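Visitor: The structure follows.
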């Protein structure tokens, strides 16, 4: 049993390290090479985890080798467009000037139903409003509408909307994040004052407190359990 | 670019390590099979004590490397060798089991050779 326990921990740490090295992509946003890597790593780790007759090295060495190959490929794809198009593929324009490009759709095995579903998910039901729809290498559909159908912006309306900038948490579930206090140019005395004006004495009573660059505060106290 | 070279270096290290492992296994299995073949030759000429001594020497050498072998080989294969060593010695000590000894010793030699062949870099193993 202890062997299963230790093997699981070791392999889990190796996988986590591998996934972290892959970057912050989520599963739905993975490039084909990244998806293959994730599937292979999971499979390679599972075998020695379940079968104690297989040396741990048989799982760890292929995982390390895979991560190294993935790293080499990722560097090469950054350096060379040709290699990038071979490994990751190219984005395909499936709708151009409101018209479907059937050959591109066939090439990507994208059906009309799938295209319409993707458009509906983005709130578009009328294909004639779409100037471009591009199937990205990650499998996601990017849609660019004709200007008359694009949402109006504050700039177009000549509105001077104040930019709140980045909002950072100062208190997270009762824990004080002193690093963010410094970042926002405030100190603990300022925080105590803010808590006092809201009827609280300690940051431990606060569930979340956030501050933006205009010193606007979002505040939520902890719920008192009955 | 630094990551690229680190990855290349790790891959190279794994490759060199794997080749070193094959080389170590080759040396170990060659020594073991040679000693076991000598033991069989002695037994054929009636020197049972000499054969026992040689087989025990081979077993000692095997046990010395058990940790390493368990780390790099499938445990089922290494367990089989351990069992065959014990059987070979038991048959050797029993004067009426000469035929069984020869057969088991050959199995042991074949099993040890297989350990190296499994790790050998050749098309047969890659495919």
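The values are calculated or read from the model by the stated rules, or taken from the named source; none is laboratory data. Since the model is a prediction, treat every value here as computed from it, not as a measurement. Counting neighbours? That spans all protein chains shown, and the Cβs are built from the backbone with ideal geometry, glycine included.
Visitor: I'm trying to understand the selection: among the residues of segment B:19-56, which are crowded, with 16+ Cβ neighbours inside 10 Å and without any contact (Cβ under 8 Å) to a residue 24 or more places away in the chain?
Guide: B:38, B:42, B:54
Visitor: Taking strands (runs of 3 or more DSSP E) that fall entirely within segment A:117-208, which contain at least 1 residues that are over 30 Å from residue A:89 (Cα atoms)? If you could, list the steps in order and put the result at the bottom.
Guide: Working: elements: A:130-135, A:141-145, A:168-172.
Here the list reads A:168-172.
Visitor: Right, here's the next one. What is the residue count in segment B:82-105 for residues that are more than 16 Å from residue B:56 (Cα to Cα) and either assigned to a helix (DSSP H, G or I) or touching a helix residue (DSSP H, G or I) at 6+ places or on another chain (Cβ under 8 Å) (or both)? Step through it out loud before you land on a result.
Guide: Filtering segment B:82-105 down to residues more than 16 Å from residue B:56 (Cα to Cα) leaves B:95-100, B:103.
From what's left, either assigned to a helix (DSSP H, G or I) or touching a helix residue (DSSP H, G or I) at 6+ places or on another chain (Cβ under 8 Å) (or both): B:95, B:97-100, B:103.
Residues flagged as more than 16 Å from residue B:56 (Cα to Cα) and either assigned to a helix (DSSP H, G or I) or touching a helix residue (DSSP H, G or I) at 6+ places or on another chain (Cβ under 8 Å) (or both) within segment B:82-105 amount to 6.
Visitor: Follow-up. Restricting to segment A:35-66, and then to whatever is at the interface with chain B (Cβ under 8 Å from one of its Cβ atoms) and in contact (Cβ under 8 Å) with a residue 12 or more places away in the chain, can you tell me which residue is nearest to residue B:75 (Cα to Cα)?
Guide: Here the answer is A:52.
This table checks each residue for (1) over 30 Å from residue A:144 (Cα atoms); (2) part of a helix (DSSP H, G or I); (3) assigned by TED's automatic domain parsing to the domain that holds residue A:136.
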position	(1), (2), (3)
A:47	yes, yes, no
A:53	yes, no, no
A:59	yes, yes, no
A:62	yes, yes, no
A:68	yes, yes, no
A:77	no, yes, no
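Visitor: Follow-up. Name the residues in segment A:70-124 that are surrounded by fewer than 16 Cβ atoms within 10 Å (Cβ to Cβ), touching a helix residue (DSSP H, G or I) at 6+ places or on another chain (Cβ under 8 Å) and within 14 Å of another protein chain (Cβ to nearest Cβ), would you?
Guide: Within segment A:70-124, A:76, A:78, A:83 meet the criteria.
Visitor: Can you confirm whether residue B:28 is assigned to a helix (DSSP H, G or I), closer than 14 Å to residue B:113 by Cα and within 14 Å of chain A (Cβ to nearest Cβ)? Give the derivation first.
Guide: Numbers: assigned to a helix (DSSP H, G or I): yes; closer than 14 Å to residue B:113 by Cα: yes; within 14 Å of chain A (Cβ to nearest Cβ): no.
The answer is no for residue B:28.
Visitor: Looking at A:211, A:191, A:195, which one is under 27 Å from the mean Cα position of the chain (by Cα) and either surrounded by 13 or more Cβ atoms within 10 Å (Cβ to Cβ) or under 13 Å from residue A:170 (Cβ atoms) (or both)?
Guide: On the way: A:191 fails: under 27 Å from the mean Cα position of the chain (by Cα); A:195 fails: under 27 Å from the mean Cα position of the chain (by Cα).
Of the residues listed, the single one that is under 27 Å from the mean Cα position of the chain (by Cα) and either surrounded by 13 or more Cβ atoms within 10 Å (Cβ to Cβ) or under 13 Å from residue A:170 (Cβ atoms) (or both) is A:211.
Visitor: Restrict the check to segment A:217-225 and report whether at least one residue is part of a loop (DSSP other than H, G, I, E, B), within 29 Å of the chain's Cα centre (by Cα) and either in contact (Cβ under 8 Å) with a residue 40 or more places away in the chain or exposed (fewer than 13 other Cβ atoms within 10 Å of the Cβ) (or both). Please lay out each step first, then the result.
Guide: Narrowing segment A:217-225 to residues part of a loop (DSSP other than H, G, I, E, B): A:222-225.
Going one step further and asking which of them are within 29 Å of the chain's Cα centre (by Cα), we end up with A:222.
Next cut, either in contact (Cβ under 8 Å) with a residue 40 or more places away in the chain or exposed (fewer than 13 other Cβ atoms within 10 Å of the Cβ) (or both) only: A:222.
Scanning segment A:217-225 turns up at least one residue that is part of a loop (DSSP other than H, G, I, E, B), within 29 Å of the chain's Cα centre (by Cα) and either in contact (Cβ under 8 Å) with a residue 40 or more places away in the chain or exposed (fewer than 13 other Cβ atoms within 10 Å of the Cβ) (or both).
Visitor: Is at least one residue of segment B:40-62 within 25 Å of residue A:51 (Cα to Cα), part of a helix (DSSP H, G or I) and in contact with a helix residue (DSSP H, G or I) (Cβ under 7 Å, 6 or more places away or on another chain)?
Guide: Within segment B:40-62, one or more residues are within 25 Å of residue A:51 (Cα to Cα), part of a helix (DSSP H, G or I) and in contact with a helix residue (DSSP H, G or I) (Cβ under 7 Å, 6 or more places away or on another chain).
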